[in-house]
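Undergrad: This structure is in structure tokens; I'll ask about it shortly.
The values are calculated or read from the model by the stated rules, or taken from the named source; none is laboratory data. A quick note: this is a predicted structure, and the numbers were derived from the prediction, not measured. In this analysis, Cβ positions are derived from the backbone assuming ideal geometry, glycine residues included, and neighbour counts consider all displayed protein chains. Only protein heavy atoms, including side chains, enter the accessible area calculation; ligands, DNA and RNA are left aside. Shrake-Rupley method; radii C 1.70, N 1.55, O 1.52, S 1.80 Å.
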Amino acid sequence: MSALFEDKNRKFIYVEIAFFQRWWRQQSEVMKAKVKELVNSGQLEFINGGMCMHDEATPHYIDLIDQTTLGHQFIKDEFGQLPRVGWQIDPFGHSSVQAYLLGAELGFDSLFFARIDYQDRAKRLREKSLEVIWQGSKSLGSTSQIFTGIFPRHYDPPDGFTFEINDVSPPIQDDILLFDYNVQERVNDFVAAALAQVNVTRTNHIMWLMGTDFRYQYANSWFRQMDKFIHYVNKDGRVNAFYSTPSIYTDAKYAADERWPLKTEDFFPYADHPNAYWTGYFTSRPAFKGYVRMISGYYLAARQLEFFKGRSASGPNTNKLADALAIAQHHDAVSGTERQHVAADYSLRLSIGYMEAEKLVASSLAFLAESGSSTRQEKTVTSFQQCPLLNISYCPPSEAILSDKKSLVIVVYNPLGWKREEVIRIPVSTEKVVVQDSSGREIESQLLPISSTTFNLRNKYVKAYLGRFPSETPRYWLAFSASIPPLGFSTYLVSSARQTGPSSTTSLVQTLEESTSNTIEVGQGSLKLLYSADVGKLTHYVNTRSLVTATIEQSYGYYSGNDGTDKDPQASGAYVFRPNGTFPIKSENQVPLTFVRGPLLDEVHQQLNPWISQITRVYKGKEHAEVEFTIGPIPVDDGIGKEITTQITTTMRTNKTFYTDSNGRDFIKRIRDFRTDWDLQVNQPVAGNYYPINLGIYVQDNSSELSVLVDRSVGGSSLVDGQIELMLHRRLLHDDSRGVGEVLNETVCFSNGCEGLTIQGKYFVRIDHLGEGAKWRRTTGQEIYSPVLLAFTEQDGSNWMNSHTTTFSGIDPSYSLPDNVAIITLQELENGKVLLRLAHLYETEEDKDYSVVASVELKKLFPNKKISKVTELSLSANQERADMEKKRLVWKVAGAAEERKVARGGPVDPAKLVVELAPMEIRTFLIDLIHLQTFDS
């Protein structure tokens, strides 16, 4: 700041708002006023303006939007400014969602970054195509394009121009009375560096980034030198030098009226060296990646519930969770490329935010359950408990012994805009239980055995996290089918069965050895999985409804991580995936397969070896298989790091082609050993074909398609035709020399020592006829991202169900959202207005039924309220959409083919209040509401 105050020609750009905010909170009012002057005059400019510079491979698009909105809100509230430029200089590869969604849809005029594949950069330098017009979405085409600049080398100054206090670049010595006067020499260096860059750039404008990591700890030493260079270089006259910002640079490029090359798709994977593909981080720290994704879905639901209850100034809120989730999107956070103590700090912040939001969720559900209830006078405040450790099967409220008088009340909340049927599974300690729905009808339920792997994990990790062993030992999983209205909840009651009456069906359990036939069939509904008794593994997939049948196998393997001791010292590490060899993991056959059957779902339990086990589930009402894997501790006592993968193999002829999603939105076509933009030289046939997967991956041939969906960000590929491979866990013993300076060797510590971290996660598999898989990927993908939220309380006697609202929907009971639309934000803002975002879930031509313009009736989304005004905003909600479109720069594209007309939803008629959404569109609205009828209070 002092350096900027000193000279009004000096400029500085600031990007990550989370850091700026920390500084800002500590400043005096006098200092704040001076900083505002700097911002207003353009000396200090905010660009990008999210809470952090987010990663682009591993975050979900909803998190990218939320973290950017938070930062943009701060800039607008404090300074009245709208950032104009995307600045993703450090992320390791760039996604198409970044270009069109976190660029053009924010109203940005340009996007800049540094990291790009070394082969791609070499070609772009030759062809002067480092600056392009990037159309990231084939659905939105030129309506969402952005001018994109890639730096010619990295995000640092040319050699010889770094001026931190202890840097080695020679400063300008311009005092004629002293030795080593060097003005002309340094001016010549400057001009030479500028001309070298002009030779690889279109137009006569170039940008130098004066600074890099850890610089400007003493800004004065930089500005003092730059002042001198600007003075003497301009005096020299060959080059014109001045202080600038990326937005000024963008305007100069635009004014040059040049035609720019077109770029489509994305910039993955990224390699900075023949053996250094940065594709390991797609999977690094899978537990943290899973936690971020779980918290993200929770945050979305919590904001809905906060809206239904009404935001209160005093009570618990979601602000802490919003902040923690925002910085977790950083390119060294959810990416898994941070040090261990930093990962622990991110997790701690998320957990503190979760605990605050958990209180909000509990109070909102209690408010909704008590609203309109008949027994208001004896107002008992319901206290709801939740089970954040249900993933390790720990849930104290459901494990408590159900005595004859006490029953367990379960409220199941659905954050999606359509009705859904889900099988709920909770641990219970007794076998005599009965489940009733909200009308008191007994419904079918099923008890399933808890596997020994699950028990061990549960006991160890509850002790590690809570410092005590669980008090109860559950005996079973209780499963029952719940039907939940859109944006609403249903209530279920679990109680001890009377000795004589009906109770849950106990699953039939048989092992492979007890089987009499050669083929064992699993599945009570349309989907059947066939297992061979001889080899003890999956062999066929049959859907009796769609008449899809396929040969299918599933296996595990691992890559040994390169230790960096060969000719090229590149090791496999947190960023880089450099496999040394491929090893199948064969079942060590101590434990035969176990088959668990019942009316709601069947399970197959497999223990492959002491550190890999899995449960495959087939639900009666679903047409996909769910695979829950438990991997760890990965053994490294042989001195070799390992990267664990699973393969799903079919006989499909897929012609080297597969499709992976971009941040959960568009699917991008990938071809093995091929890049659209240059002739790829293949040095790493495995790592160089890995891509980030946030939603799913699929392959297809001329008759069918195989899709796999994931519950968190992972790396994956199709390295063999007909096969999909996912990397699920990695534990390495060498650093990959990219800046972490620490090995990726996650451990968890118990009282008697530490061991490698165990991961539990899920993926979902389905095979469809060609062209029919998109419906499942989009709908189920949404359900995986937004699981139902469970809250528990207990009832004494039978009073709870009679005195509470047992079913609720936040929207008109006769309405549900179209199947191709999701509500991705429903949030009451501090000013009482409501922020609503609606997303079309399909791309153009993705599905014959759903890749069409969809309509949403706003009046039906807000029953009992009158909408007085609807304003459409930019994606980050910091300006009106119409204003943003007016300012949009229209760039000329070289050699652009005639594109088909791009559909866009029209303006919202204030009387009809219907929102149209074209394929892949996300629209953001600010809604003013007048409450017509309030709940009885």
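Undergrad: Quick check on my filter: what residues within segment 873-905 are surrounded by 12 or more Cβ atoms within 10 Å (Cβ to Cβ) and in a strand (DSSP E or B)?
TA: Residues satisfying the conditions are L873, E880, V893.
Undergrad: Among the residues that make up segment 381-392, is at least one of them part of a helix (DSSP H, G or I), in contact with a helix residue (DSSP H, G or I) (Cβ under 7 Å, 6 or more places away or on another chain) and open to solvent by less than 40 Å² (accessible area, probe 1.4 Å)?
TA: In the first step, residues of segment 381-392 are kept if they are part of a helix (DSSP H, G or I); the result is 390-392.
From what is left, the residues that are in contact with a helix residue (DSSP H, G or I) (Cβ under 7 Å, 6 or more places away or on another chain) are 392.
If we keep only those that are open to solvent by less than 40 Å² (accessible area, probe 1.4 Å) as well, we get 392.
Within segment 381-392, one or more residues are part of a helix (DSSP H, G or I), in contact with a helix residue (DSSP H, G or I) (Cβ under 7 Å, 6 or more places away or on another chain) and open to solvent by less than 40 Å² (accessible area, probe 1.4 Å).
Undergrad: A further question follows. Which of the residues belonging to segment 560-580 are at pLDDT 95 or above and open to solvent by less than 20 Å² (accessible area, probe 1.4 Å)?
TA: If the condition is that a residue be at pLDDT 95 or above and open to solvent by less than 20 Å² (accessible area, probe 1.4 Å), then S560, G561, N562, Q570, A571, S572, G573, A574, Y575, V576, F577, R578 are the ones that fit.
Undergrad: Just for segment 435-448: of the residues that are among the small types (G, A, S) and at pLDDT below 95, which one is surrounded by the most Cβ atoms within 10 Å (Cβ to Cβ)? Walk me through it before giving the result.
TA: In the first step, residues of segment 435-448 are kept if they are among the small types (G, A, S); the result is 438-440, 445.
Next, from what is left, pick out any that are at pLDDT below 95: 438-440.
Values: S438: 16, S439: 9, G440: 11.
For segment 435-448, the residue satisfying everything is S438.
Undergrad: Restricting the search to segment 727-739, which residues are open to solvent by 10 Å² or more (accessible area, probe 1.4 Å) and of a type outside the set (K, R)? Please lay out each step first, then the result.
TA: From segment 727-739, those open to solvent by 10 Å² or more (accessible area, probe 1.4 Å) are 731, 733-735, 737-739; that's our starting set.
Residues satisfying the conditions are L733, H734, D735, S737, G739.
Undergrad: Here are some conditions: (1) in a loop (DSSP other than H, G, I, E, B); (2) at pLDDT 95 or above. K869 meets all but one. Which one does it not meet?
TA: Among (1) in a loop (DSSP other than H, G, I, E, B); (2) at pLDDT 95 or above, K869 violates only (1).
Undergrad: Are any residues in segment 790-809 assigned to a strand (DSSP E or B) and over 25 Å from the mean Cα position of the chain (by Cα), and if so, which ones?
TA: Taking segment 790-809 and keeping what is assigned to a strand (DSSP E or B), we get 790-796, 807-809.
Listed by number, the residues that qualify are F792, T793, E794, Q795, D796, T807, F808, S809.
Undergrad: Here's a follow-up. Are any residues in segment 846-866 at pLDDT 95 or above, not in a strand (DSSP E or B) and not hydroxyl-bearing (S, T, Y), and if so, which ones?
TA: E846, D847, K848, D849, V852, V853, L858, K859, K860, L861, F862
Undergrad: Considering only segment 320-369, state which residues are open to solvent by 30 Å² or more (accessible area, probe 1.4 Å), in a helix (DSSP H, G or I), within 18 Å of M51 (Cβ to Cβ) and in contact with an Asp or Glu (Cβ under 7 Å, 6 or more places away or on another chain).
TA: K320, the sole residue that qualifies.
Residues are listed down the side, and each one gets a yes or a no for (1) over 30 Å from T805 (Cβ atoms); (2) touching a residue at least 40 places away in the same chain (Cβ under 8 Å); (3) open to solvent by less than 50 Å² (accessible area, probe 1.4 Å):
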| site | (1), (2), (3) |
| --- | --- |
| I424 | no, yes, yes |
| V433 | no, yes, yes |
| N459 | yes, no, no |
| T473 | yes, yes, no |
| V494 | no, yes, yes |
| S503 | no, yes, yes |
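Undergrad: Can you say whether A302 is part of a helix (DSSP H, G or I), among the small types (G, A, S) and open to solvent by 10 Å² or more (accessible area, probe 1.4 Å), as far as the supplied structure shows? Give the steps one after another, and end with the answer.
TA: Working: part of a helix (DSSP H, G or I): yes; among the small types (G, A, S): yes; open to solvent by 10 Å² or more (accessible area, probe 1.4 Å): no.
For A302, the condition - part of a helix (DSSP H, G or I), among the small types (G, A, S) and open to solvent by 10 Å² or more (accessible area, probe 1.4 Å) - is not met.
Every residue, every condition in (1) closer than 23 Å to L209 by Cβ; (2) open to solvent by 30 Å² or more (accessible area, probe 1.4 Å), yes or no:
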{"residue": "A3", "(1), (2)": "yes, no"}
{"residue": "K11", "(1), (2)": "yes, yes"}
{"residue": "V15", "(1), (2)": "yes, no"}
{"residue": "Q26", "(1), (2)": "no, yes"}
{"residue": "M31", "(1), (2)": "no, yes"}
{"residue": "K34", "(1), (2)": "no, yes"}
{"residue": "N40", "(1), (2)": "no, yes"}
{"residue": "L44", "(1), (2)": "yes, no"}
{"residue": "T58", "(1), (2)": "no, no"}
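Undergrad: Of all the helices (runs of 4 or more DSSP H) wholly in segment 86-202, which have at least 1 residues that are over 21 Å from L64 (Cβ atoms) and open to solvent by 30 Å² or more (accessible area, probe 1.4 Å)? Working first, answer last.
TA: Working: elements: 96-100, 118-127, 183-198.
Those helices (runs of 4 or more DSSP H) span 118-127, 183-198.
Undergrad: Need the failing condition index for R311 against (1) under 26 Å from G488 (Cβ atoms); (2) among the charged types (D, E, K, R); (3) part of a helix (DSSP H, G or I), just the number.
TA: For R311, the failing item is (3).
Undergrad: Can you name every one of the strands (runs of 3 or more DSSP E) wholly within segment 417-519 that holds 2 or more residues which are small (G, A, S) and under 30 Å from I824 (Cα atoms)?
TA: On the way: elements: 420-428, 433-436, 445-449, 476-484, 488-496, 508-511.
Because the criterion is at least 2 residues that are small (G, A, S) and under 30 Å from I824 (Cα atoms), the strands (runs of 3 or more DSSP E) in segment 417-519 that meet it are 476-484, 488-496.
Undergrad: I'd like to know if segment 180-195 contains one or more residues that are modelled with pLDDT of 95 or more, within 28 Å of W260 (Cβ to Cβ) and not aliphatic (A, V, I, L, M). Spell out the reasoning first.
TA: To start, the set of residues in segment 180-195 that are modelled with pLDDT of 95 or more comprises 181-195.
With the extra rule that they be within 28 Å of W260 (Cβ to Cβ), the set shrinks to 190-195.
From what's left, not aliphatic (A, V, I, L, M): 190.
Within segment 180-195 (the criterion being modelled with pLDDT of 95 or more, within 28 Å of W260 (Cβ to Cβ) and not aliphatic (A, V, I, L, M)), the answer is yes, since at least one residue qualifies.
Undergrad: Hey, any hits in segment 614-625 for a residue that's assigned to a strand (DSSP E or B) and among the acidic types (D, E)? Steps first, answer last, please.
TA: First, the residues of segment 614-625 that are assigned to a strand (DSSP E or B): 614-619, 625.
Applying the additional criterion that residues be among the acidic types (D, E) yields none.
The answer is no; no qualifying residue exists.
Undergrad: Turning to a different aspect of this structure: Do the conditions hold for D534, that is, is it in contact (Cβ under 8 Å) with a residue 60 or more places away in the chain and over 22 Å from L726 (Cα atoms)? Before the answer, list the steps.
TA: Working: in contact (Cβ under 8 Å) with a residue 60 or more places away in the chain: no; over 22 Å from L726 (Cα atoms): yes.
No, not satisfied.
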